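Heads up: the structure comes next, in structure tokens.
All of the numbers you see were taken from the coordinates with simple rules; none came from a lab. Not measured: the values here are computed from a predicted model. Here the Cβ positions follow ideal geometry from the backbone for every residue, glycine too, while neighbour counts run over all protein chains shown.
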Amino acid sequence: MIKANPNFAKIQASYLFSDIARRVADFSKKNPDAKLIRMGIGDVTRALPSACVKAMAKATEEMGVDATFHGYGPDHGYGFLREAIAQNDFRSRGADISPDEIFISDGAKCDTGNFQELFAQDVRIAVPDPVYPVYVDTNVMAGRTGGNINGRYEGLIYLDSTAENGFVPDVPDTHADLIYLCFPNNPTGAVASADRLKKWVEYARENKALILFDAAYEAFIRDKDIPHSIYEIPGAREVAVEFRSFSKTAGFTGTRCGYTVVPADCRVFAENGSEIMLQPMWARRMSTKFNGVSYPVQRAAEAVYSEEGKEQTKMLVDGYLANAAVIRDKLRAKGFSPTGGDNSPYVWFDTGMDSWEFFDRLLNEAQVVVTPGSGFGRCGNGYARISAFNSMENVLEAMERIDRII
Ligand code: PLP
């Protein structure tokens with residue numbers, strides 16, 4: 001008898017985005033002429049920068065000629081891309097990261113989901129609430145939690161992100177071995193100051209713990225004092241892994257490219273307490289289970305760092321930030337106190353009612369779709385997330401419609 005992995009039965013059946021899709025489909029069936037505006041999605045809407053398209057096209061031409069054809073690439077990504085990343089994303093900010101500490105992948109979802117394979121079954125895991133669901137669900141699948149009771153899994157340490165702590169969770173007063181952090185945050189849009197990150201790095205060092213730092217939205221940071229990387233914090237190299245993605249930086253959600261930084265100093269521990277270096281473990285995991293990102297896509301990602309690419313990606317992100325400013329300002333004018341939207345594409349706010357009640361009201365009365373905050377965790381109850389990934393025209397119209405009904 002082929003037995004199923006029993007941990008899958010623990011995963012919450014109702015998945016946020018399928019619930020939204022069902023309610024939207026019901027509404028559209030009853031109101032076929034309604035013009036819906038979707039402000040809930042986390043997917044980008046604007047085209048790839050032309051620098052990336054050109055680089056991809058050139059690389060595709062190379063693939064059609066024997067002399068310049070590329071088969072399997074180097075295990076952890078082409079040197080040209082790893083070098084561009086180390087220089088532009090880290091060294092230029094004073095973070096000491098070298099190309100061989102960078103592992104190219106097909107995106108941050110896979111890497112944040114897969115990284116837990118490197119840890120023992122009984123590690124104590126701390127996750128923020130609200131949270132990007134991948135961190136939790138992959139640990140549930142791996143059997144590191146008990147069942148789900150009232151929306152929380154037994155065995156996890158939940159780090160409440162609330163208005164009181166500015167949506168940046170404090171270090172817990174208990175011991176954790178593995179900590180997931182995400183800044184700028186999805187869904188709250190909050191960013192972490194160097195001081196707040198310093199506390200986490202100190203905590204990880206004191207507790208012999210490891211931080212998994214998801215910086216998928218790094219490109220949205222405009223405030224000069226906010227760190228772009230955890231490695232801007234002294235001492236982080238030993239205790240932190242960082243995930244990055246070209247998805248939101250350069251519109252690669254459908255093109256697929258990201259990377260994970262595992263510094264050579266990063267350590268975990270054996271049962272007897274001796275140190276084990278983490279980098280060779282991730283290298284081994286990747287060469288065993290992953291066969292690389294295609295050559296044309298890596299060339300397209302490299303083009304993000306060309307002069308033209310830098311200018312175009314900045315314009316792309318600036319466009320989304322301009323949308324976010326419209327959303328934030330309109331909510332403020334209506335008396336809400338939103339977070340995010342200045343260094344993030346997401347605006348998060350307390351709706352003053354149940355999240356799903358607010359969702360239904362906007363859908364039925366304004367034909368605008370937002371994301372109910374409760375879908376991201378218990379601390380999201382009563383909140384909603386509005387995404388800036390849209391055209392300015394749609395954002396203006398959506399906010400006008402919302403203005404009329406709230
Ligand atoms: N991390 C966070 C916090 C995200 O919100 C997302 C996507 O929405 C990802 C990772 C996934 O990024 P990628 O497209 O690189 O898989």
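Some values worked out for this structure:
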{"item": "Convex hull volume of the chain per residue (C-alpha atoms, cubic angstrom)", "result": "170 Å³"}
{"item": "Distance between the stretch 26-83 and the stretch 386-401 - C-alpha centres, whole angstrom", "result": "23 Å"}
{"item": "Debye-sum result for the stretch 140-185 in log10 I(q)/I(0), which assumes one identical scatterer on each alpha carbon, at q = 0.15, 0.24, 0.27 Å⁻¹", "result": "-0.49, -1.06, -1.15"}
{"item": "DSSP-assigned coil residues among trypsin sites (Lys or Arg not before Pro) in the stretch 123-232, each with at most 11 further Cβ atoms within 10 Å", "result": "Lys224"}
{"item": "Cut-off under 5 Å, modelled amide H: who pairs with Leu210 long-range", "result": "Leu178, Ile179"}
{"item": "Expected-Rg normalisation [2.2 N^0.38 Å, Cα atoms] applied to the stretch 313-386", "result": "1.12"}
{"item": "Distance between modelled label sites at Lys3 and Lys208, nm, 7 Å Cα→Cβ extension", "result": "3.2 nm"}
{"item": "Given 15 as the ceiling on other Cβ atoms within 10 Å, longest exposed-site-free region of the chain for GluC sites (Glu not before Pro) in DSSP loops", "result": "1-153"}
{"item": "The stretch 187-339, relative contact order in percent, only Cα pairs under 8 angstrom and at least six apart counted", "result": "18 percent"}
{"item": "Relative contact order (%) - the chain, alpha-carbon pairs under 8 angstrom, separation at least six", "result": "23 percent"}
{"item": "Amide hydrogen neighbours beyond the local backbone of Ser105, cut-off 5 Å, H modeled", "result": "Gly258, Tyr259, Thr260"}
{"item": "Derived scalar couplings ³J(HN,Hα) [the stretch 218-231; Karplus, 6.51 cos²θ - 1.76 cosθ + 1.60; whole Hz; x for Gly, Pro]", "result": "3, 5, 8, 6, 10, 5, 5, 8, 8, x, 8, 9, 5, 6"}
{"item": "Gap separating the Cα centres of the stretch 342-361 and the stretch 124-180, nearest whole Å", "result": "21 Å"}
{"item": "Where labels lie 7 Å past Cα in the beta-carbon direction, separation of Asp122 and Ala322 in nm", "result": "5.7 nm"}
{"item": "Set of lysines with alpha-carbon distance to Lys35 below 23 Å, sequence-local pairs under 8 removed", "result": "Lys330"}
{"item": "Chain lengthening between Glu164 and Glu61 when straightened (0.36 nm per residue, less Cα-Cα)", "result": "31.6 nm"}
{"item": "Projected label distance in nm at Leu396 and Ser274, using a 7 Å step from Cα toward the beta-carbon", "result": "6.7 nm"}
{"item": "Mean shadow area of the stretch 255-388 over all directions, Cα convex hull, nm²", "result": "13.2 nm²"}
{"item": "Distant-in-sequence amide H partners of Arg267 (H built 1.01 Å from N, under 5 Å)", "result": "Leu278"}
{"item": "Helical contribution to [θ] at 222 nm, DSSP H n ≥ 4, -39,500 (n - 2.57), averaged over the chain, rounded to 500", "result": "-10500 deg cm²/dmol"}
{"item": "Set of lysines near Lys310 by C-alpha distance (under 26 Å), chain-local residues within fewer than 8 positions excluded", "result": "Lys54, Lys58, Lys109, Lys224, Lys248"}
